[in-house]
Amino acid sequence: MESVSVKLGSRSYPIHIGADLIGRAELYAPYLVGGGAAIVTNEVVAPLYLAPVKSALEKAGARVTEIVVADGEQTKSWQALNEVFDALLEAHCGRDTLLVALGGGVIGDLAGFAAAIYQRGVAFVQVPTTLLAQVDSSVGGKTAINHPLGKNMIGAFHQPRAVISDVATLDSLPERELRSGFAEIIKHGLALDAAFVEWLEGNVDKLVSRKRDALAYAVRRSCELKARVVAADEREAGERALLNFGHTFGHAIETGAGYGAWLHGEAVAAGMVMAAELSSVMGHLKKTEVSRVRDLLRRAGLPIQGPVLAPERLMELMALDKKAAKGKTRFVLLESIGRAALRGDVDEGRVREAIVAAAQ
């Protein structure tokens with residue numbers, strides 16, 4: 001097991017990375033202050049991993065409540081959030097209850113948001129079982145549900161007490177879900193670390209074939225990069241926005257296509273191509289570097305073109321992006337491979353040009 005620390009003063013927490021971690025009682029025990037725990041998971045993950053997590057919590061002395069919700073992006077809703085609250089209240093879970101988010105990014109966002117507002121806030125631990133969640137959504141304290149007009153529009157910042165990333169859970173991950181996770185790994189490199197991009201270019205085949213040592217390194221390096229940024233800018237006032245490279249376009253794709261039609265990582269991959277093309281149109285990124293972005297995503301088995309949506313529709317949806325300032329959409333662009341910047345001076349005509357170029 002290796003551990004990475006997210007340094008936030010008194011709210012600092014560890015990210016534990018390794019194989020066969022979810023059943024280790026000692027990783028949960030420090031956070032069971034009141035002796036009660038509630039596991040929030042979904043109907044796909046529950047048959048695979050609910051039993052060992054429950055056993056570990058009970059071994060650590062907890063009384064455990066099980067909450068199983070539906071699978072899919074549509075679960076990030078008020079209805080599912082109320083299902084969680086109903087179960088917590090029926091089980092008489094108090095403010096000293098530890099919530100355990102067991103699943104992918106949807107479960108982490110849903111359970112984390114529930115933890116942020118249930119009885120004005122309770123502790124929670126992230127146990128991500130998808131690659132995308134292990135390298136991105138479980139780290140940093142962003143929690144949310146979706147709104148019909150935009151993704152992740154209703155939420156709160158609420159940091160976990162710990163993240164337990166068990167790479168053995170990736171063995172059961174469907175191929176499409178695995179590839180979706182590669183998008184966030186690639187994003188970290190493109191936005192923050194050119195050397196990591198070079199490593200990915202040399203090792204992407206190992207990742208695709210699920211070589212555990214390569215996956216563990218990619219998870220750890222992604223967490224190191226994200227932890228550094230979160231420590232410097234917890235609430236996304238500046239530098240943390242760079243972690244959204246490809247997401248302004250990607251969230252618009254997810255909303256425009258209908259939640260769940262495109263996996264988050266698939267939409268972000270197509271969004272990164274659009275963002276790279278926009279970086280080129282703006283004169284920052286060389287065409288050869290745009291080709292590197294496309295080639296790496298293609299080798300990872302990710303889409304490099306989005307669904308058929310008119311540029312005007314994408315731009316309308318992007319206007320709702322949370323990075324917007326003074327009524328103007330801001331974009332995370334690449335100045336070079338490994339160095340991103342947030343720009344608010346992007347002309348709509350150039351955005352349209354980039355969307356068209358990305359479709360070719």
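The values are calculated or read from the model by the stated rules, or taken from the named source; none is laboratory data. Owing to the predicted nature of the structure, the values given are computational and were not obtained by experimental measurement. Positions of Cβ are backbone-derived with ideal geometry, glycine not excepted, and every protein chain shown enters the neighbour counts.
When E175 is tested against (1) surrounded by fewer than 23 Cβ atoms within 10 Å (Cβ to Cβ); (2) at pLDDT below 95, just one condition goes unmet, and that condition is (2). Within the range 303-317, the only residue that satisfies the criterion of being among the β-branched types (V, I, T) and either more than 14 Å from A261 (Cβ to Cβ) or surrounded by 14 or more Cβ atoms within 10 Å (Cβ to Cβ) (or both) is I304.
I185 falls short of the stated requirement of being in contact with a helix residue (DSSP H, G or I) (Cβ under 8 Å, 6 or more places away or on another chain) and in the same structural domain as I22 (by TED's automatic domain parsing). Among the listed residues L285, L297, L278, which satisfies the condition of being out of contact with any strand residue (DSSP E or B) (no Cβ under 9 Å at 6 or more places or on another chain) and surrounded by 18 or more Cβ atoms within 10 Å (Cβ to Cβ)? Exactly one residue qualifies, and that residue is L297.
Given the criteria touching a Pro at 6+ places or on another chain (Cβ under 9 Å), modelled with pLDDT of 95 or more and not aromatic (F, W, Y), does Q134 qualify? Judged against the criteria, Q134 is a match. Checked against the criterion of being in contact with a His (Cβ under 9 Å, 6 or more places away or on another chain) and under 25 Å from G105 (Cβ atoms), the candidates V268, V293 yield just one match: V268. If you go through the range 343-352 and keep only what is surrounded by fewer than 17 Cβ atoms within 10 Å (Cβ to Cβ) and either of a type outside the set (K, R) or not assigned by TED's automatic domain parsing to the domain that holds H247 (or both), you end up with G344, D345, D347, E348, G349. Sub-7 Å Cβ pairs linking a first residue in the range 205-216 that is within 18 Å of S180 (Cβ to Cβ) and buried (at least 18 other Cβ atoms within 10 Å of the Cβ) to a second residue that is among the small types (G, A, S) and modelled with pLDDT of 95 or more, at least 6 apart or interchain, are L207/A214; L207/A218, ordered by first then second residue.
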